[in-house]
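First up is the structure itself, then whatever we jot down about it.
The values are calculated or read from the model by the stated rules, or taken from the named source; none is laboratory data. Everything quoted here is computed from the prediction, not taken from an experiment. FYI the Cβ positions are ideal-geometry reconstructions off the backbone, even for glycines, and counts take in every protein chain you see. Just the protein is used for accessible areas: all its heavy atoms, side chains included, with ligands, DNA and RNA removed. Shrake-Rupley method; radii C 1.70, N 1.55, O 1.52, S 1.80 Å.
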Amino acid sequence: MLLTTVARRLQRSHPQVILPLFCSVSSPSLSSPLTSNSVISFSSFEAFHRALSIAYQHPFRFFTFKSFSTQNLRDPFELVQERVHTRESLKPGLLDSLKRAAYFTAEAEAVASVDASGIKADQNLVYSVIWELRHEWRPAFLAFKWGEKWGCFDEKSYELMIWVLGNHKKFNIAWVLIRDLHRSSMNTRQAMLIMIDRYAAANDPGNAIHTLYIMEKFRMTPDEDAFYSLMNALCKYGNIEEAEEFMLVNKKLFPLETEAFNIILHGWCNICVDVLEGKRIWREMSKYCITPNAASYTHMISCFSKVGNLFDSLRLYDEMKKRGWVPCIKVYNSLIYVLTRENCLKEALKVLDKIKENGLQPDSTSYNSMIRPLCEGKKLAEARSILAAMIEENLRPTMETYHALLEGTGLEETLQVLNQMRIAGIDPTEDTFRLILVKFFKLEQPENALKIWLEMMQYEVTPNLTHYIVLVEGLAGCGLLTEAWEYYAEMRSNGFSDNPKLLKILKEPIQDQTSCKKQQGRQVKRDQYVSQKLGSKVRRKGRKGMQKGKEKL
């Protein structure tokens, strides 16, 4: 019962995450999840409670049936696009009616209020409304209950609602819906995979693993696909060490294979971009006599490329071909990026020709792989030349293209790029303006940052908490305390809570109006120091026999 061992080990190290999922959850009625003072015991799961107490006496059973590849990994939740109406095509007043009724104390009263609008429910309408309200779980849940009253629901509606609840960490209510799915003799497999993914996204690896275990309680035998889906979810959200431990602990149930190692390799190489850990996994594969395949080489070449290691990128590319693996477009794009980054633009352009010779077609990522490092190196003329070539090849610039161009532009050029985005039908997003604000404060240009703040309103982008934090920190760092306080007050008036970090910055005395440069200089030094010390965003727990940086791949 190796899976049980993992769960118990996680319970010892993270006691807060391994909680009985069926001991007490909210009532499935609307009044319980939508009000904080109304909680009823979930007696409907008593049979599962009893089963859970017996479960640890039996080994965990898997059924393997097919090969699984990281090349085919998809999110467990896939939106059914053809069922989603645009906001404009939704019934007038329906969203407002749902938002008002969502805080009623009783389900019947809330649903009756929505019915009073005279709008008739249907499956596609309910699905569309839940999607439109995905950022507000209470109105979305009311829409689901409204559709349920009129029989306008199916498995996909349940899965969408469970995904929304998982996004808001309302897992108890999500389990209620899974129970209802099970009682209705509908398939709960996809819903369980969504729960695994949302637990992992919430940094709760213990319950993600536990969810896989209790699939048996819903008359499902976790198979190889579910096993690898769990590993992928853990890696995707940074819990790579837990995924690796889970894989190794269960190696008797699931013999170690290249596909499993590729998921771990993908996590270290593409999610965290940690070369040392990527090399370690490569050596572990050799230790367990696992032969790397094309995907394995693709991950490693990508990792070396991202950190600017041209030598090892080319070395693995040659080794890959010698072993009979055909490089895919991702490999060539990685080579294009690292060659351009290391001032070998002519060679990068030759790789484009190589792609065509091998029967492949360069994509937007191929050109972005040149544009991005050129913009980072302040070579804007060359970047624009590549952009022109990209358009000549009938490839549309993407959001990544424009974000790369924004990295190295001044105010006037920034406004031009924003206008080009609008003309191309790619509207600037919240991330677009966050990137620009950070850039101008880094360049010690608070006046340009304030101009961009006003421009953001012109593009109908509403500032979020991150924007306010960047703006207030930047203004305070440049000695503009009066303006910083004004925008902090605006932040509070827009419903955001007090931010202790910002208050501390605002209350610190600033010696003079030229302190911006001094403070930013100190910040750069601190960032460099932290970068040298930490090296990676993801913590390492220390492994026996690991000699980082000393062993060769």
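Once the stretch 311-353 is narrowed to residues that are in contact with a helix residue (DSSP H, G or I) (Cβ under 7 Å, 6 or more places away or on another chain) and of a type in the set (D, E, K, R), the residue that is most open to solvent (accessible area, probe 1.4 Å) is LYS330. Across the stretch 105-117, the number of residues qualifying as open to solvent by 70 Å² or more (accessible area, probe 1.4 Å) and not in a helix (DSSP H, G or I) comes to 2.
Report yes if some residue within the stretch 521-533 is assigned to a helix (DSSP H, G or I), within 30 Å of ASP274 (Cα to Cα), at pLDDT 90 or above and within 29 Å of the chain's Cα centre (by Cα); otherwise report no. No, the stretch 521-533 contains no residue that is assigned to a helix (DSSP H, G or I), within 30 Å of ASP274 (Cα to Cα), at pLDDT 90 or above and within 29 Å of the chain's Cα centre (by Cα). Taken over the stretch 140-176, the criterion of being on the phi > 0 side of the Ramachandran plot and in contact (Cβ under 8 Å) with a residue 12 or more places away in the chain is satisfied by LYS169 alone. Within the stretch 268-282, the residues that satisfy the criterion of being open to solvent by 10 Å² or more (accessible area, probe 1.4 Å) and not aromatic (Phe, Trp, Tyr) are ASN270, ILE271, CYS272, VAL273, VAL275, LEU276, LYS279, ARG280. Looking at the stretch 132-155, which of its residues are acidic (Asp, Glu) and part of a helix (DSSP H, G or I)? Scanning the stretch 132-155 gives GLU132, GLU148, GLU155. Considering the conditions (1) in contact (Cβ under 8 Å) with a residue 60 or more places away in the chain; (2) buried (at least 20 other Cβ atoms within 10 Å of the Cβ), GLN190 is excluded by exactly one of them, (2). Just checking, which of SER364, SER369 is surrounded by 20 or more Cβ atoms within 10 Å (Cβ to Cβ) and either without any contact (Cβ under 8 Å) to a residue 60 or more places away in the chain or not basic (Lys, Arg) (or both)? Sole residue among the options that is surrounded by 20 or more Cβ atoms within 10 Å (Cβ to Cβ) and either without any contact (Cβ under 8 Å) to a residue 60 or more places away in the chain or not basic (Lys, Arg) (or both): SER369. Could you please find all residues in the stretch 246-267 being in a helix (DSSP H, G or I), open to solvent by less than 20 Å² (accessible area, probe 1.4 Å) and closer than 18 Å to ALA208 by Cβ? PHE246, MET247, ALA260, ILE263, ILE264, GLY267 - these are the residues of the stretch 246-267 that are in a helix (DSSP H, G or I), open to solvent by less than 20 Å² (accessible area, probe 1.4 Å) and closer than 18 Å to ALA208 by Cβ. Could you tell me whether the stretch 254-275 includes any residue that is farther than 23 Å from PHE304 by Cα, touching a residue at least 24 places away in the same chain (Cβ under 8 Å) and in contact with a Phe, Trp or Tyr (Cβ under 7 Å, 6 or more places away or on another chain)? Taking every residue of the stretch 254-275 in turn, at least one turns out to be farther than 23 Å from PHE304 by Cα, touching a residue at least 24 places away in the same chain (Cβ under 8 Å) and in contact with a Phe, Trp or Tyr (Cβ under 7 Å, 6 or more places away or on another chain). Might you check whether a residue that is touching a residue at least 12 places away in the same chain (Cβ under 8 Å), within 25 Å of LYS330 (Cβ to Cβ), open to solvent by 10 Å² or more (accessible area, probe 1.4 Å) and among the small types (Gly, Ala, Ser) occurs anywhere in the stretch 407-415? No, the conditions are met nowhere in the stretch 407-415.
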